[in-house]
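The values are calculated or read from the model by the stated rules, or taken from the named source; none is laboratory data. No experiment lies behind these values; they were computed from the predicted model shown. Here Cβ is always computed from backbone atoms with ideal geometry, including for glycine, and neighbour counts include all displayed protein chains. Heavy atoms of the whole protein, side chains included, go into the accessibility calculation; ligands, DNA and RNA do not. Shrake-Rupley method; radii C 1.70, N 1.55, O 1.52, S 1.80 Å.
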Amino acid sequence: MNFRPPYWYHDNIKFNQEQLKQLESEIKLLGSAQRSSAEKDSESNTHLTTYFLPEKERPEKIFNKTYHTIVEDITKKIGIYHRIAYTYTYWSQLYEKGMAHKAHHHALVSAISWVHFINVPKQKCFRFTDTVGNTLVPKEQKNGDLICFPSWLWHEVLPNEEAGNTRIVVAGNITINHYD
């Protein structure tokens, strides 16, 4: 059996370098504050994320209009836009050398998930997995690529092994609140 999890390529959407540098700087600043106040533990090689911040405090809010349009376009392209009421959220993640994100899914909070590869090294760190060890590395992991997948699909991020190449992604969830 071949492991072929359902996912789809949405588009390649790039941001300007000035905005990317600002986003990276703000995430690193937030990360250094988190690290100094948190205890050192076995999870210290995990990524930095803005997921737990209130949405109004997240540095990626500079892309609000763009992500509003992207989410609307995603729901239109899969043919559900005119039949549902939905909400969405998104957050940024930063991975320096050695940082990873263990296998997880978003099934309890949403229907559709997505990852936007904002500024990534050549190494393809993102992959889909299952509970018995099968994996699939999507080829679409260049700067600007955005892929979507069902929220129940397990996925993970392997350690970023490229020194000096910080990996930045924006991940998101679309929650269907009403279906007509």
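Numbers at a glance
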read-out	value
Around V137: net Lys/Arg minus Asp/Glu count, Cβ-Cβ under 12 Å	+1
Candidate residues S25, S110: accessible-area rank, largest first, probe 1.4 Å	S25, S110
Gain on full stretching of the segment that runs from T131 to H178 - 0.36 nm per residue minus C-alpha separation	13.9 nm
Cross-link reach list, aspartates and glutamates versus K21, counting only Cα pairs under 15 Å and skipping chain neighbours closer than eight places	E60, E96
Extended-chain gain in nm, criterion 0.36 nm per residue less alpha-carbon gap, V109 and D11	32.9 nm
Helix-only [θ]222 nm of the chain, DSSP H runs n ≥ 4, -39500 (n - 2.57) each, per residue, nearest 500	-6500 deg cm²/dmol
Rounded FRET efficiency, nearest 0.05, which uses the C-beta distance separating K56 from S25 and R0 of 22 Å	0.70
For the range 17-26, Karplus couplings with θ = phi - 60° (6.51, -1.76, 1.60), whole Hz, Gly/Pro x	4, 5, 5, 5, 5, 5, 4, 4, 4, 5
Charge dipole (debye, nearest 20) of the chain; +1 at Cβ of Lys and Arg, -1 at Cβ of Asp and Glu	300 debye
Of all DSSP beta bridges in the chain, antiparallel share, percent nearest 5	95 percent
Nonlocal Lys pairs with alpha-carbon distance under 19 Å, the range 86-180 (8 or more apart, or different chains)	8
Rounded FRET efficiency, nearest 0.05, which uses the C-beta distance separating I84 from K124 and R0 of 35 Å	0.65
